[in-house]
Amino acid sequence: MKISEIPEDQRPREKLLNKGSSYLSTEELLAIFLRIGTKNKSAIDLAKDLLHTFGGLRGLYSADINSLFKITGIGKAKISQLLAVIELTKRYLEENIKDRKFIEDSKSIFDYLYLTMRDLDYELFKIIYLNGQNQVLNIEDIFKGTITHSHIYIREIIKGALRNSATSIVCVHNHPSGNSTPSDVDIKITQKIKESCELIGIVFQDHIIIGDNQYFSFRDRELI
């Protein structure tokens, strides 16, 4: 059914303006973003195709460009818009933690970084730099590795701490497998980072590993 054939007060855009975004389905919200469909499909139908193909928003947000181009009716313009929105969403989530007055615990870090890291097919190593009041000074991506291993450059971590005038740091990285249990390499690296931080008077607060709907905190487990 074409959107023009839907009663006006039930069309996605009108419903959004009159009732608010929470009243719309995921398909309707995505249809508003897509704006127009194709000759044979409405924007709502196209939105349904996308969500079905990728298994929902999570799959859509982690889809690569080549996969998106395989969807009939999705061209360069829509793909560019979609990728831009996904990146803006990630940056918004990271800004949330940067704007917080202080870091309360490992759960708060997990909550703010989880959505930006859970679906990566490679390991990404982040450092959160904190001042003496536990306020976030900066969050930096230090390096990324393959799906099975990250090359850890402790010197870069220390240089970053000094550059940001940090009093303490928190390391965060993901496990693409979804299992947040630390590997032997993770344990050894954590110890090396702790030792290096102690040498220059930087407090190594925690190392958090993000998995699929789970995380591991070395601090919570009293491993550092």
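Rundown of residues vs (1) farther than 25 Å from K90 by Cα; (2) out of contact with any Asp or Glu (no Cβ under 9 Å at 6 or more places or on another chain); (3) surrounded by 19 or more Cβ atoms within 10 Å (Cβ to Cβ), yes/no style:
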{"site": "Y122", "(1), (2), (3)": "no, yes, no"}
{"site": "N138", "(1), (2), (3)": "no, yes, no"}
{"site": "N174", "(1), (2), (3)": "no, no, yes"}
{"site": "S183", "(1), (2), (3)": "yes, yes, no"}
{"site": "Y215", "(1), (2), (3)": "no, yes, yes"}
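State whether one or more residues within segment 189-199 are in a strand (DSSP E or B), of a type outside the set (S, T, N, Q) and buried (at least 20 other Cβ atoms within 10 Å of the Cβ). Checked against the condition, which is being in a strand (DSSP E or B), of a type outside the set (S, T, N, Q) and buried (at least 20 other Cβ atoms within 10 Å of the Cβ), segment 189-199 yields no hits at all. Scanning segment 157-182 for residues that are of a type outside the set (V, I, T) and under 19 Å from the mean Cα position of the chain (by Cα) gives C171, H173, N174, H175, P176, S177, G178, N179, S180. The lone criterion from (1) at pLDDT below 90; (2) within 14 Å of the chain's Cα centre (by Cα) left unmet by L124 is number (1).
The values are calculated or read from the model by the stated rules, or taken from the named source; none is laboratory data. Here the structure is a predicted model, which means the values were calculated and not measured. Don't worry about glycine lacking a Cβ; one is built from the backbone with ideal geometry, like all the others, and counts go over all protein chains shown.
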